[in-house]
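Here is the structure we will look at, set down as structure tokens.
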Amino acid sequence: AFHVAVEDLAAHGFPPLRSDDEGRLAIPDLPAGSHLRLVVTHYDYADLLVPCCPVIDEPQDFTLRPGAELRGRVTVNGAGVRDARVALYMATDKGPIVSAEVLTGPEGFYRLRAAEGNYAAAVRHPDYASPPPQPVALAGPETETSLDLELREARHIAGSVVFESGAPAPGVRVAYRVEGTVFEETFTQADGAFSLKVGTRRGVVQVLPPQGYMTRVLSSVPFDMGDKTRAELSPI
């Protein structure tokens, strides 16, 4: 399973949907009886997450509320990074959920609004490795908080996951953890191969086997890349 952000689609010719002067918005061509996960955003208000919105013929109303502002810059070695995705995560009893997210501009600057609360700010970019999520507290609607984030030059770990017969094991989740925090995760491809992009020399490569299987040796493999920028594991 995967998701594609609207901002990413807009760059390829899919127009972003905006409400009209009366605040009305129509999303066409949706399967009847399904449910959507919506994020409603506005420059002056906090992002509104609608986790389960039914697709019905009747209009549905949503209320935007004021939010505290968070702004900053994403850099690598002091240079701004364009199109980095900054996300605010809030801890819940069902795990962390994204409360607000935004892409950085041409010089790496970002700005978003979210409801008052305590969050973890994370940043991702396809060309770089992510730093640890940074704690950030947002106060009332009239306040402004600054938080700069630094991406890391990526190190690459490649490998493969196979069954006991030697046949490739596709669709197996592989993660890279540092002190319990997952920094990167991916799935093995049709040929069982995987590639991880990491920002630290030491960590743990964790393989989560499909139901009914276990790893022959360790499911969590301690790893130290030393000064290398690329490394390849033996088949797991």
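The values are calculated or read from the model by the stated rules, or taken from the named source; none is laboratory data. All of these numbers come straight from a predicted model, not from anything done at the bench. Cβ atoms come from the backbone with ideal geometry, glycine included; neighbour counts cover every protein chain shown. In case anyone asks, the SASA skips ligands and DNA or RNA and just uses the protein heavy atoms, side chains included. Shrake-Rupley method; radii C 1.70, N 1.55, O 1.52, S 1.80 Å.
Computed quantities for the displayed model
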{"quantity": "Residue identified as surrounded by 13 or more Cβ atoms within 10 Å (Cβ to Cβ), over 30 Å from residue 28 (Cα atoms) and in contact (Cβ under 8 Å) with a residue 40 or more places away in the chain among 112, 70, 88", "calculated": "70"}
{"quantity": "Top-ranked residue in segment 73-85 [being touching a residue at least 12 places away in the same chain (Cβ under 8 Å) and open to solvent by 50 Å² or more (accessible area, probe 1.4 Å); ranked as nearest to the chain's Cα centre (by Cα)]", "calculated": "83"}
{"quantity": "Criterion violated by residue 24 - all others in (1) under 28 Å from residue 142 (Cα atoms); (2) within 20 Å of the chain's Cα centre (by Cα); (3) of a type in the set (Lys, Arg) satisfied", "calculated": "(2)"}
{"quantity": "Among residues of segment 123-148, those that are open to solvent by 20 Å² or more (accessible area, probe 1.4 Å), aliphatic (A, V, I, L, M) and closer than 21 Å to residue 182 by Cα, counted", "calculated": "0"}
{"quantity": "Any hit, segment 34-50, residues being within 21 Å of residue 112 (Cβ to Cβ), touching a residue at least 24 places away in the same chain (Cβ under 8 Å) and among the charged types (D, E, K, R)", "calculated": "yes"}
{"quantity": "Residue within segment 7-17 that is open to solvent by less than 90 Å² (accessible area, probe 1.4 Å), touching a Phe, Trp or Tyr at 6+ places or on another chain (Cβ under 7 Å) and either in a strand (DSSP E or B) or among the aliphatic types (A, V, I, L, M) (or both) present", "calculated": "no"}
